[in-house]
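Enquirer: So that we are looking at the same thing, I have put the structure below in structure tokens.
The values are calculated or read from the model by the stated rules, or taken from the named source; none is laboratory data. Given the structure is predicted, the values throughout are model-derived calculations rather than measurements. As a convention, Cβ positions derive from the backbone with ideal geometry for all residues, glycine included, and neighbour counts pool all protein chains shown.
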Amino acid sequence: MLDPRILRQFTLFSSLADEDLLPLLPQFKTRKYRKGQILFIEGEIGSQVYFILEGQVKLSKTLPNGDEQILDWCGPKDSLAEILLVEPGSYPATAEVLKESTLLVLSNQGMVKILENHPRLAVALIRKLNMRLRMNQEFIRILTSRSTAGILAMLLLRMAKPASSPGEPIYYDATLTNKDLASMIGTSRELVNRTLNQWKKSGVLRLNEDRMEILRPHELADWP
């Protein structure tokens with residue numbers, strides 16, 4: 001059976017004790033996916049939520065003109081399609097596996113009964129989902145009140161992974177191209193190139209192998 005400590009790596013379950021998680025454990029299946037596989041397609045009716053143990057997944061939408069808009073670049077400890085946690089519905093985006101990945105897959109079949117029988121689990125999950133909703137609303141507010149560089153700054157902070165050890169900087173995956181970043185905020189690759197180069201020259205960012213380290217996150221947070 002799945003170790004509850006693995007589930008607590010994910011924000012959705014981080015505050016729950018072993019006894020709270022026990023009813024959920026039989027619902028999870030571990031699946032491996034190869035590069036290029038599609039987990040789900042925007043608008044498709046589904047009933048599964050995904051949790052990334054290893055690998056990388058891209059979330060995107062198709063614009064009216066047929067172009068792809070990247071919504072997020074997800075990696076270990078990220079979860080996908082939480083909106084389907086309790087009941088089936090349509091997936092809000094398309095999820096494509098970018099490299100060999102291992103995911104936990106949670107079916108929502110029987111979830112209502114589980115939550116009815118374990119109200120503490122239900123309350124904890126509602127709080128986590130509500131927190132995620134507030135974060136998304138704040139990001140939307142930022143999109144309407146900041147310059148393009150300011151929006152890019154908040155995107156980098158939103159995608160940043162925790163430091164590997166105390167004293168080290170937070171970072172984001174440098175395999176995410178400037179074209180991808182531009183797609184995520186609806187701007188040109190040239191503008192993203194100029195802005196990132198400016199931040200690297202001033203010491204806000206530093207490229208370190210396959211990661212871009214954010215050395216002064218407070219400056220990005222305050223970028224107008």
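Enquirer: Among the listed residues LEU157, LEU152, LEU125, which satisfies the condition of being in the same structural domain as ILE70 (by TED's automatic domain parsing) and surrounded by 12 or more Cβ atoms within 10 Å (Cβ to Cβ)?
Expert: LEU125
Enquirer: Can I ask one more? Here are some conditions: (1) in a helix (DSSP H, G or I); (2) surrounded by 15 or more Cβ atoms within 10 Å (Cβ to Cβ); (3) not aliphatic (A, V, I, L, M). ASN197 meets all but one. Which one does it not meet?
Expert: Only one criterion in (1) in a helix (DSSP H, G or I); (2) surrounded by 15 or more Cβ atoms within 10 Å (Cβ to Cβ); (3) not aliphatic (A, V, I, L, M) is unmet by ASN197, namely (2).
Enquirer: Count, please, the residues in the range 1-60 that happen to be part of a loop (DSSP other than H, G, I, E, B) and either closer than 15 Å to LEU84 by Cβ or aliphatic (A, V, I, L, M) (or both).
Expert: Residues in the range 1-60 being part of a loop (DSSP other than H, G, I, E, B) and either closer than 15 Å to LEU84 by Cβ or aliphatic (A, V, I, L, M) (or both): 11 in total.
Enquirer: Output yes when any residue across the range 62-71 is among the aliphatic types (A, V, I, L, M) and surrounded by 15 or more Cβ atoms within 10 Å (Cβ to Cβ), and no when none is.
Expert: yes
Enquirer: Just the residues that are surrounded by fewer than 15 Cβ atoms within 10 Å (Cβ to Cβ) and closer than 17 Å to PRO76 by Cβ, please, taken from the range 38-55.
Expert: Matches in the range 38-55: GLU54 only.
Enquirer: Right, next: Here are the criteria: (1) touching a strand residue (DSSP E or B) at 6+ places or on another chain (Cβ under 8 Å); (2) in contact (Cβ under 8 Å) with a residue 40 or more places away in the chain; (3) within 25 Å of GLY55 (Cβ to Cβ); (4) not aliphatic (A, V, I, L, M). Tell me which single one GLY186 does not satisfy.
Expert: Failing condition for GLY186: (3).
Enquirer: Just checking, how many residues over the range 116-166 are of a type outside the set (Ser, Thr, Tyr), outside any helix (DSSP H, G or I), at pLDDT 85 or above and under 24 Å from LEU215 (Cβ atoms)?
Expert: Final tally of qualifying residues: 2.
Enquirer: Condition (residue is under 18 Å from ILE70 (Cβ atoms), surrounded by 15 or more Cβ atoms within 10 Å (Cβ to Cβ), at pLDDT below 95 and not aromatic (Phe, Trp, Tyr)) applied to the range 202-213: is it met by at least one residue?
Expert: yes
Enquirer: Which of the residues that make up the range 106-130 are touching a helix residue (DSSP H, G or I) at 6+ places or on another chain (Cβ under 9 Å), hydrophobic (A, V, I, L, M, F, W, C) and touching a residue at least 12 places away in the same chain (Cβ under 8 Å)?
Expert: LEU106, MET111, ILE114, LEU115, LEU121, ALA124, LEU125, LEU129
Enquirer: Can you name the condition, by its number, that ASP72 falls short on among (1) modelled with pLDDT under 90; (2) over 21 Å from GLY36 (Cβ atoms)?
Expert: Result: ASP72 fails condition (2) only.
Enquirer: Sticking with this structure for a sec: Could you list, in sequence order, all residues of the range 167-194 that are of a type in the set (Val, Ile, Thr), at pLDDT 90 or above and outside any strand (DSSP E or B)?
Expert: Correct list: THR187, VAL192.
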